[in-house]
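The values are calculated or read from the model by the stated rules, or taken from the named source; none is laboratory data. Being a predicted model, the structure only gives us computed values, none of them experimental. All Cβ positions, glycine included, derive from the backbone under ideal geometry; neighbour counts span all protein chains shown.
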Amino acid sequence: MFEKVAHTRTADAAVEQVEGLILHGVLRSGDRLPAERDLAEQMDVSRPVLREALKTLEIRGLLVSRQGGGTYVADVIGPIFSQPVIALIERHPAATADYLEFRRDIEGMTAAHAADRATEADRQSLQTIVERMTAAYAADDAQTEAELDVEFHHAVGEAAHNVILLHALRSCYRLLENGVFYNRRRLYNHPSARKTVLAQHREIAEHICAGRAEDAKAASERHIEFVKSALEETTRLEEREALSGLRLQHRRATPAKNG
């Protein structure tokens with residue numbers, strides 16, 4: 001992904017190249033950069049010049065060095081909410097509905113932009129993720145499906161080609177990855193969720209790849225509405241199962257009464 005830099009600008013050009021890769025989401029938080037020698041060769045700069053560029057990027061808070069462990073992209077995606085607000089949300093599960101409403105609106109717009117702006121590489125990325133989702137579904141691998149679910153939405157955000165929207169979505173999805181609003185695996189406990197979610201992701205990808213902006217927006221909104229209803233139903237099922245289990249436990253522990 002790294003290119004040779006203009007030797008008239010050297011370190012500054014190297015800095016700008018890495019900054020651009022981070023800004024446009026090519027390099028993500030936690031990504032490890034190539035070893036110094038390899039990166040210097042790819043950029044066609046001397047190692048002292050590269051060290052100067054990397055130092056500048058560290059000072060700017062974009063890279064971090066780990067003793068004996070290489071150089072990594074810093075955690076540049078800040079939280080969409082402060083920690084006290086996150087803790088408040090976790091104590092009030094009803095906020096999940098508002099979170100999903102927000103996602104429905106912003107992801108619908110994102111899917112529409114993606115349909116208008118996706119490149120061939122973007123379309124290939126979406127198709128590859130859907131293929132991996134299909135394979136995970138066939139293998140009954142719910143964990144991988146849940147991970148690919150987030151990766152799919154990342155890819156749609158990237159295809160929208162709006163850096164502000166991209167980083168806002170990544171911050172939003174971090175809360176999803178951390179289970180602040182709900183555990184993604186719970187969704188796949190719903191009797192029909194796995195099959196439906198796969199079909200919905202495939203539909204969104206198809207509309208984006210075909211350039212159908214309004215259809216992509218509508219499909220994305222329907223997907224979030226389904227997630228909302230499936231989570232609500234899963235919660236009801238879990239509550240019923242827990243209550244039934246308590247009743248059964250009580251019956252087993254209590255001697256039967258005559259009559």
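Among the candidates Ala111, Ala142, single out the residue that is at pLDDT below 85 and touching a Lys or Arg at 6+ places or on another chain (Cβ under 7 Å).
Testing whether each residue is at pLDDT below 85 and touching a Lys or Arg at 6+ places or on another chain (Cβ under 7 Å) leaves just Ala142.
From the list Arg104, Arg123, which residue is among the basic types (Lys, Arg) and closer than 21 Å to Glu177 by Cβ?
Arg104
Return yes or no: is Glu238 modelled with pLDDT under 80 and closer than 30 Å to Val130 by Cβ? Against the criterion (modelled with pLDDT under 80 and closer than 30 Å to Val130 by Cβ), Glu238 qualifies.
Here is a yes/no grid of residues against (1) among the β-branched types (Val, Ile, Thr); (2) touching a residue at least 24 places away in the same chain (Cβ under 8 Å); (3) within 21 Å of Thr96 (Cβ to Cβ):
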position: Leu126; (1), (2), (3): no, yes, no
position: Tyr137; (1), (2), (3): no, yes, no
position: Asp149; (1), (2), (3): no, yes, yes
position: His161; (1), (2), (3): no, yes, no
position: Leu165; (1), (2), (3): no, yes, no
position: Leu175; (1), (2), (3): no, yes, yes
position: Lys195; (1), (2), (3): no, yes, no
position: Ala199; (1), (2), (3): no, no, no
position: Arg202; (1), (2), (3): no, yes, no
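Looking across segment 70-89, not a single residue is among the charged types (D, E, K, R) and in contact with a His (Cβ under 8 Å, 6 or more places away or on another chain).
Return the residues of segment 1-53 that are part of a helix (DSSP H, G or I), under 18 Å from Tyr72 (Cβ atoms) and of a type in the set (D, E, K, R); say none if nothing qualifies.
If the condition is that a residue be part of a helix (DSSP H, G or I), under 18 Å from Tyr72 (Cβ atoms) and of a type in the set (D, E, K, R), then Glu19, Glu36, Arg37, Asp38, Arg51 are the ones that fit.
Taking segment 72-100 as the range and being in contact (Cβ under 8 Å) with a residue 12 or more places away in the chain and in a helix (DSSP H, G or I) as the test, the residues that pass are Ile86, Ile89, Glu90, Ala95, Thr96, Ala97, Tyr99, Leu100.
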